[in-house]
Ligand code: BT5
């Protein structure tokens, strides 16, 4: 398959319901965020996309990334026993290396007016959201330039792919339901328990700019608060954290 996210987005456009899951054993065009690629060799990783149709305003769609990272961190822990942590906003780490990446893509859902109505423009009636999760399950090696690990490398033995998939789907259902019934605060509280970012000095890449400082908090909206060397606080809504262990630093 090219990319489970691309297949899920196409199925979403064709009307597939919430809860549709696309799983692949390999991807020929696995996608990371911001046009990056996700290394997706056959038989080594789990590549899964889940289609959601949340009843959320556009400005709250970002909350789904936090739901997904909490669910993924807990699922990998359930399946492997490994202590997982989250690097803001949604990388899952074991031993400070990336074991799982998440790409959330949203599209407006539209219907077409009938000719009898005022306008023939498509009408936006909500959003479809595809949560794409890549887990390094039984990978034995990675290109040296990426700071990655796999469940098998950490455990010293392979584990069944199906166990990771089952755990992932169970935790996604659990946390998506809690998010809908109890709200985002319960998700952010769990996210903070799992966070590996706050308290650490780091660089954050925001567009072309690199900001150095110490992460001091994640606010209720999921923004990272970084204290700059001059004591000012910077409130970052989208960026990439480079911890000192990352080879990209
Ligand atoms: C992500 O992007 O971490 C999101 C990855 C999402 C992958 C899933 S697989 C199922 C679904 N279908 C898709 O097509 N995508 C989703 P980002 O934060 O941009 O991280 C990408 C960067 O991580 C790359 O530029 C590499 O440096 C590194 N990387 C690539 N492959 C990796 C891997 N397998 N494990 C760890 N790091 C990797």
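Each value in this text was obtained by applying a stated rule to the coordinates, not by laboratory testing. Everything numeric in this text was worked out from a predicted model, so none of it was measured. No Cβ is skipped: glycine too gets one built from the backbone with ideal geometry, and neighbour counts run over all protein chains shown.
Which whole-angstrom value gives the distance between the alpha carbon centres of segment 26-47 and segment 150-190?
Each part reduced to its Cα centre gives a spacing of 19 Å.
With a ≥ b ≥ c the root eigenvalues of the C-alpha gyration tensor of segment 98-237, is it rounded (a/c under 1.5), prolate (a/b larger than b/c) or oblate?
oblate
How long is the gain from residue 155 to residue 201 if the chain were fully straight, where each residue apart is worth 0.36 nm and the alpha carbon distance is subtracted?
Full-extension gain reported as 13.7 nm.
Pick from 39, 141, 12: which residue has the top mean-square fluctuation in a GNM of the chain where Cα pairs under 10 Å get a spring?
Taking springs between Cα atoms under 10 Å, the residue moving most is 141.
Order by neighbour count: 142, 66, 179, fewest other Cβ atoms within 10 Å first, most last.
Result, fewest neighbours first: 142, 179, 66.
Pull out a ≥ b ≥ c, the square roots of the eigenvalues of the alpha-carbon gyration tensor of the chain, then state rounded if a/c is under 1.5, prolate if not and a/b is larger than b/c, and oblate in the remaining case.
Oblate is the answer for the chain, as a/c is 1.5 or above yet b/c matches or exceeds a/b.
Using a simple spin-label model with points 7 Å from Cα along the Cα→Cβ vector, what separation in nm is obtained for residue 61 and residue 181?
Between residue 61 and residue 181, the simple spin-label model gives 2.7 nm.
Given springs between every Cα pair under 10 Å in a Gaussian network model of the chain, which of 46, 228, 61 has the largest fluctuation?
Greatest mean-square fluctuation among the candidates belongs to 228.
In segment 32-71, which residues have a backbone nitrogen under 17 Å from the label point lying 7 Å from residue 193's Cα in the Cα-to-Cβ direction?
66-71
Would you mind checking segment 57-73 for residues with the amide N under 13 Å from a putative spin-label position 7 Å along Cα→C-beta of residue 219?
Answer for segment 57-73: none.
Please report the antiparallel percentage of DSSP beta bridges with both residues in the chain, rounded to the nearest 5.
The antiparallel proportion sits near 95 percent.
Just rank 145, 193, 63, 163, fewest to most, by other beta-carbon atoms within 10 angstrom.
Ordered from fewest to most neighbouring Cβ atoms within 10 Å, 145, 193, 63, 163 come out as 145, 193, 163, 63.
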